[in-house]
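Each reported figure results from applying straightforward, stated rules to the coordinates on display, with no laboratory input. Predicted model, so just to flag it, every value in this text is computed and none were measured. As a convention, Cβ positions derive from the backbone with ideal geometry for all residues, glycine included, and neighbour counts pool all protein chains shown.
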Amino acid sequence: MKRFAALLDGLLLTPSRNGKLRLLREYFAATPDPDRGWALAALTAELSLPEVKPSRIRDLAVERVDPVLLRWSWDFVGDLAETVALLWPVAPGRATDGDAPSPDGGPSPRLVVVVERLRSATRAEAPALLAELLDALDSSGRYALLKLVTGELRVGVSARLAKIALAELAAPHGIALDEVEEVWHGLAPPYGGLFEWIEGRAPRPAVAERARFRPLMLAQPIEEDELVSLDPAAYRAEWKWDGIRVQLVAGEGVAHVYSRSGDEIGGAFPEIVAALRFDAVLDGELLVGRDGVPAPFGDLQQRLNRKTVSRKLAEELPAFVRVYDILFDGGEDLRALAFAERRDRLVAWFDRVRPERLDLSPLVPFRDWDELRALYAGVGPGAIEGLVLKRADSPYVAGRPKGPWFKWKRGPVLIDAVLMYAQRGSGKRSSYYSDYTFGVWKDGALVPVGKAYFGFSDDELLQLDRWIRSHTVAKHGPVREVARELVLEVACDGLQRSTRHRSGLAMRFPRIHRIRWDKPAAEAERLETLERIVEKAAAGARA
Amino acid sequence: MRPPDAWLRTTPAGLRVEPGGFVIDPIAPVERALVTHAHGDHARPGSRHVLATAETLAIMRARYGDDAYRQGQAAAPGETIAIGGVAVRLVPAGHVLGSAQVVLEHGGVRVVVTGDYKRRRDPTCAPFELVRCDVLVTEATFGLPVFRHPDDRAEIARLLASRAAFPERAQLVGVYALGKCQRVIALLREAGYERPIYLHGALVALCDLYRAHGVELGELRHATGVARSELAGEIVLAPPGALADRWTRRLPDPVVALASGWMRIRQRARQRGVELPLVISDHADWDELNATIADSGAAEIWVTHGREEALVHQASELGLAARALGLTGFEEEGS
């Protein structure tokens, strides 16, 4: 438990992705089975323990400490699990606080013992067992334990990051990330076979075929002027819908909605899971909206990164999947077929099955690139993110092969906005003002329209930092308000209506494109111009 | 026992000893001040007459120059000074160099004002001395049961482990200039760390002063002007306020550490962008605060600053008369 607790503390406080990867690699390399497997399960939300509600944890604490002191401590610390971890009284002769996080020593029980005891406990038994375990752990261990039983690690590690760490450990044995991802969902914690395999001590584990996630085929980016090098007759075109890519796996009692990295997201989209009453593996775009009209990405975002969804939200923003491709029809693997053949099979499958909450992403017929360009120009930057070009003869292969599939995104929307506020970044950028809020004019005043913290070079960052320090007009805590003099050319992938922003608009993926040292602030964009772009986009989505 | 309310009163300037006509740690200049220790929120410049330990007077002079005070009176260890019918004695508080508790006796009542204190061993200052009393006037900076400071040697071991794990990076440790800085250096030396330790310019003067008072700190160097590559794998100390400052850009990809009792709370560390929180405090933790209340034998507890309400509650639960004084002007930074 000591190692696992130290890992969680490290992950919580290490800002950089590489730093987190290093901690994960070191932990997996140095920790024995099955502890590391249970840790992996906990980090990737695959560990199910009897849930202990925060109110039960508070009750347990009140049996040991004065409720008034608990209340004030909680107010001060802000997080119940951390509060209880810190003030849980140390039983005489048991783990003392602040032991150096040495991986070997101490009376601390192993993670496997903690997990196995919790797993075999009933919901009713869990609180008493929890109290007994809290007595045996030091404060870091208690924190880790409470985070485990409340199911909220929140250490900034996605399932994907954990898989990347595993793949890095596996690399010396010639095992790639997509192989790890493919095997992943067929395995159950504590993943003994997986670790043996990535350490080169055992063959690849056999996994149940049906429930498995198959790594997605991705498209290479292409620029408009590169199109001429391609033969238009060899390609098919499809709209690139602005949702999230998913894989639907259904049949023989399984129903999974996997994200592009293989994370199960079905819990947040129960209406999709309920509609998976067929036997196939499909590739598509998850969208929200009504009558087949996709809502802006911002609406979908409200339903992402949740474990469950409220009925109200599911009714307000119903989800559907626009299907691009078919990988399996029943038990038949179609991935080796050419795209054109798979497409025919997909159309036939739709006719036969008539699935609910699924529709078919239409092909966009064209004769030559000019015609496609003209079609594309007719839609605004709304629900459509771009076009995908697929070679008619391309089989479905995992990863991002060069040549068969291209994504063609139009240039970004560029907006000249005025820098209003700046904040320091984190990690390496903690001494630089690197987070910028910018606005556009409305009735002679600036209205903030977005925030961006990348897109500039290191040199430009240095210049901006210097400019901000010398043009600060007010400080609001960590935020500097600057003179309204500097124009930033901001690039974004689209503009949408938003009730959460004062301007009524939200930018999709904004970044600093250029610093317009030359442009007077008065010549920056006006809010009306942005509103017109939104209207055009909305019209395009309906078209 | 007659409560000392008649002669020991809370005033806007601070805790005033009426018969002696002096204020303890006044927040504004007064005619006569008694200063427990030289941290900026306890020792402010401008009072006319200041009674303090010799070390505290020296630090005030170093920090404030001629503004420190017009007339300084050094209280020798154990010396009892009679001021307006009050017997005054300063005894070590174990907080920083020169820090003192104030023992006041008047009308048959003994009051101890702890000032800031800790009860753990600190190689850079005299250890806390327990004085039994009728009324204990205590601080409560860490007056919540979530604050239990670990063994400082284990914290130093974590700093050295981080240095070993990242030989290409500098270890940048935020330390308060007075006390924490020198204690961290001395603890590193005790742990067998013999390399030069690099300092932000704001820390140099007080390190020199500690050395002049006989505290061994080993080889110290200015970090300013040293090539970035030379600082890889080195330990660099800077004031907490400089951790996110432009100054840090001279360091090779620093691991940001902060030595403070507040680092016990993960979210505090996270908010400040601290990668390596070192829970090293110069204040009493919850257990020490309570132990001191018990050990003092005091029947009445007055709480000066910090999380007063919790400590007052706890003392009341134990059947003691307890109250918060509501003094203002004391800061949390660097505790």
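Exactly which trypsin sites (Lys or Arg not before Pro) in segment A:450-543 are in a DSSP loop and have at most 13 other Cβ atoms within 10 Å?
Those satisfying the criteria are A:500, A:502.
Remind me, relative contact order of segment A:220-408 in percent, using alpha carbon pairs under 8 angstrom and six or more residues apart? Present the calculation step by step, with values, prior to reporting the outcome.
Working: 343 pairs, mean separation 58.8, N = 189.
Dividing the mean separation by the residue count of segment A:220-408 yields 31 percent.
From Cα pairs below 8 angstrom and at least 6 apart in sequence, can you work out the relative contact order of segment A:472-543, rounded to a whole percent? Don't skip to the end; give the middle numbers.
On the way: 81 pairs, mean separation 20.3, N = 72.
It rounds to 28 percent for segment A:472-543.
Each principal axis of the Cα cloud of segment A:2-150 was evaluated for its coordinate range; sorted largest first, these ranges are 43, 33, 30 Å. Going by the alpha-carbon gyration tensor, a ≥ b ≥ c the square roots of its eigenvalues, is chain B rounded (a/c under 1.5) or, if a/c is not under 1.5, prolate (a/b greater than b/c) versus oblate? Prolate is the answer for chain B, as a/c is 1.5 or above and a/b outweighs b/c. Per-residue shielding of B:140-152, expressed as the average number of other chain Cβ atoms within 10 Å of the residue Cβ, stands at 5. Mean partner shielding of peptide B:264-274, defined as the number of other chain Cβ atoms within 10 Å of each residue Cβ, is 5. A straight Cα-to-Cα reach below 24 Å connects residue A:407 with the lysines A:240, A:390, A:536, residues fewer than 8 places away in its own chain not being considered.
Select from segment B:205-238 those GluC sites (Glu not before Pro) which occupy a DSSP coil region and have at most 15 other Cβ atoms within 10 Å, ordered by residue number. Intermediate results must be reported in sequence, preceding the final value.
Values: sites: B:216, B:219, B:230, B:234; in loops: B:216, B:219, B:234.
Listed in order of number, the matching sites are B:216, B:219.
Working note: 222 nm ellipticity from helices only, DSSP H runs with n ≥ 4, each -39,500 (n - 2.57), summed and divided by the residues of the protein assembly as shown, gives -9000 deg cm²/dmol to the nearest 500.
Going from the fewest other Cβ atoms within 10 Å to the most, the residues A:493, B:151 appear in the order B:151, A:493.
Between the alpha-carbon centres of segment B:85-104 and segment B:17-79 there is a gap of 12 Å. The fraction of all Cα pairs in segment A:254-337 landing in successive 10 Å bins from 0 to the largest distance is 16, 50, 27, 7, 0, given as whole percents. When each of A:492, B:207, B:125 is scored by the number of other beta-carbon atoms lying within 10 Å, the sequence from fewest to most is B:207, A:492, B:125. Farthest towards the positive end of the charge dipole of the protein assembly as shown, among the residues A:350, B:85, A:491, is the Cα of A:491, using unit charges on the Cβ of Lys, Arg, Asp and Glu. By DSSP, the beta bridges lying fully in segment A:413-541 are antiparallel in about 95 percent of cases. For the protein assembly as shown, DSSP calls about 65 percent of its internal beta bridges antiparallel. Of interest is the spacing of the C-alpha centroids, which for segment A:350-371 and segment A:442-472 amounts to 43 Å. Determine the shape class of segment A:220-408: with a ≥ b ≥ c the square roots of the Cα gyration tensor eigenvalues, call it rounded for a/c under 1.5, and otherwise prolate if a/b is greater than b/c, oblate otherwise. Oblate shape, in that a/c is at least 1.5 and b/c is the bigger or equal ratio.
Just the number, please: percent antiparallel of the DSSP beta bridges in chain B, rounded to the nearest 5. Working shown, then result.
Working: 22 of 60 bridges.
That works out to approximately 35 percent antiparallel.
Once a ≥ b ≥ c are taken as the square roots of the eigenvalues of the Cα gyration tensor of the protein assembly as shown, is the result rounded (a/c under 1.5), prolate (a/b larger than b/c) or oblate (a/b not larger than b/c)? Before the final figure, lay out each step's value.
Values: a/c = 2.38, a/b = 1.82, b/c = 1.31.
Prolate, since a/c reaches 1.5 and a/b exceeds b/c.
Scan segment A:298-366 for trypsin sites (Lys or Arg not before Pro) in coil per DSSP, keeping those whose Cβ has at most 11 other Cβ atoms within 10 Å, and list them by number. Listed in order of number, the matching sites are A:307. Look at where the Cα atoms of segment A:286-309 and of segment A:181-213 average out, and the two centres are 32 Å apart.
Counting pairs of alpha carbon atoms under 8 Å apart in space and at least six apart in sequence, what relative contact order in percent does chain A give?
Here the relative contact order equals 12 percent.
Projected area of segment A:145-292, taken from the Cα convex hull and averaged over every viewing direction, in nm²?
Numbers: hull surface 53.8 nm².
Averaging across all directions leaves 13.5 nm² for the Cα convex hull.
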